[in-house]
Amino acid sequence: MVDEEMLDEAMLEEQGAEHTAEQADQARPAAPVAGARRLREVLRQGGEAFPAALREADDGLLLSALDDGMPADRATRVVVELVRRAPERGPELADAVCEKVLLARLYLDAGEPSGADDRLRVRNALMLYDGLVRPCAQRGGTPELLACVVPALWAARGGAGREVVRRIVDSRQPTGFGERAWKELFTSAAEECREHEAAAATAARRGARRWWLSRRLRRGEDGGRIDLQPGQLWVSVLLAVISVALVLIVVLAAR
């Protein structure tokens with residue numbers, strides 16, 4: 001089931017974005033945007049015809065528009081429309097849309113990364129997962145894709161994919177990952193821990209070697225001289241006297 005608060009918030013934002021254009025033309029409905037090519041162009045460029053194109057475009061065109069890349073706020077409106085249509089799709093079409101979304105890794109990499117846009121893309125990815133992927137996974141679909149995509153999101157650079165996985169896991173709903181995806185995710189996390197441990201051990205060995213070499217260098221600068229403290233000097237003298245006495249005793253005894 002889709003996260004109700006997240007979807008409601010996104011739909012309210014979409015309504016706000018459309019409000020200005022609707023005020024300018026309240027007297028008549030928006031003219032249809034004819035032709036797939038024209039629809040694709042409007043979806044890519046935005047503008048006053050965007051809301052009409054959003055309604056007229058089929059799922060394939062909406063997904064292609066996300067593939068082509070667009071500002072994250074406009075992508076949110078496409079995502080909301082895709083999720084809104086979910087109850088209208090049969091199982092076969094729903095699985096096809098889910099597969100396309102997973103192959104695109106929830107469209108996290110679409111567009112240029114830019115701070116606020118990254119946060120919107122994380123939210124869009126979560127809406128796509130909740131509205132399109134999770135229901136399909138709960139029916140037993142796409143286990144192989146999930147086993148590839150989930151660890152790939154976790155390991156992706158930038159941290160956005162890892163944030164999506166964390167929030168899916170932290171939600172109250174079943175993740176839908178399945179045993180295979182959980183296993184691959186655990187393997188990926190364990191490998192990452194091993195790499196960190198190996199890097200820490202290597203750094204520790206290098207630090208110990210640098211310390212040892214620095215001591216050797218300091219000894220070399222001192223010419224190998226051993227500086228004796230006053231107490232150590234007296235002990236050395238006493239030992240020398242005892243050694244001489246022992247030698248004399250041996251010599252005398254031999255005569």
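Among residues of the stretch 160-195 being polar (S, T, N, Q) and in a helix (DSSP H, G or I), the one that is surrounded by the fewest Cβ atoms within 10 Å (Cβ to Cβ) is T187. Please specify each residue of the stretch 131-150 satisfying the condition of being open to solvent by 20 Å² or more (accessible area, probe 1.4 Å) and in a helix (DSSP H, G or I). Once the filter is applied, which keeps residues that are open to solvent by 20 Å² or more (accessible area, probe 1.4 Å) and in a helix (DSSP H, G or I), the stretch 131-150 yields P135, Q138, P143, E144, L145, C148.
Those helices (runs of 4 or more DSSP H) of the stretch 17-124 in which 3 or more residues are modelled with pLDDT under 95, over 24 Å from E144 (Cα atoms) and of a type outside the set (A, V, I, L, M, F, W, C) occupy 36-45, 50-56, 72-84. One residue stands out among those in the stretch 33-72 that are closer than 20 Å to Y107 by Cα and among the basic types (K, R): the one that is most open to solvent (accessible area, probe 1.4 Å), which is R44.
Could we say that G141 is without any contact (Cβ under 8 Å) to a residue 60 or more places away in the chain, among the small types (G, A, S), touching a helix residue (DSSP H, G or I) at 6+ places or on another chain (Cβ under 6 Å) and closer than 29 Å to L185 by Cβ here? Spelling it out, G141 is indeed without any contact (Cβ under 8 Å) to a residue 60 or more places away in the chain, among the small types (G, A, S), touching a helix residue (DSSP H, G or I) at 6+ places or on another chain (Cβ under 6 Å) and closer than 29 Å to L185 by Cβ.
Taking the criterion of being in contact with a helix residue (DSSP H, G or I) (Cβ under 6 Å, 6 or more places away or on another chain) and among the polar types (S, T, N, Q), the residues of the stretch 170-204 that qualify are T175, S188. Quick check on the stretch 73-81. Is at least one of its residues over 20 Å from R162 (Cα atoms), open to solvent by 20 Å² or more (accessible area, probe 1.4 Å) and not basic (K, R)? Yes, some residue in the stretch 73-81 is over 20 Å from R162 (Cα atoms), open to solvent by 20 Å² or more (accessible area, probe 1.4 Å) and not basic (K, R).
The values are calculated or read from the model by the stated rules, or taken from the named source; none is laboratory data. All values derive from a computational prediction rather than experimental measurement. When we count neighbours, we look across all protein chains shown, and the Cβ atoms used for this are built from the backbone with ideal geometry, even at glycine. We work out accessible area using only protein heavy atoms, side chains counted, and drop any ligands, DNA or RNA first. Shrake-Rupley method; radii C 1.70, N 1.55, O 1.52, S 1.80 Å.
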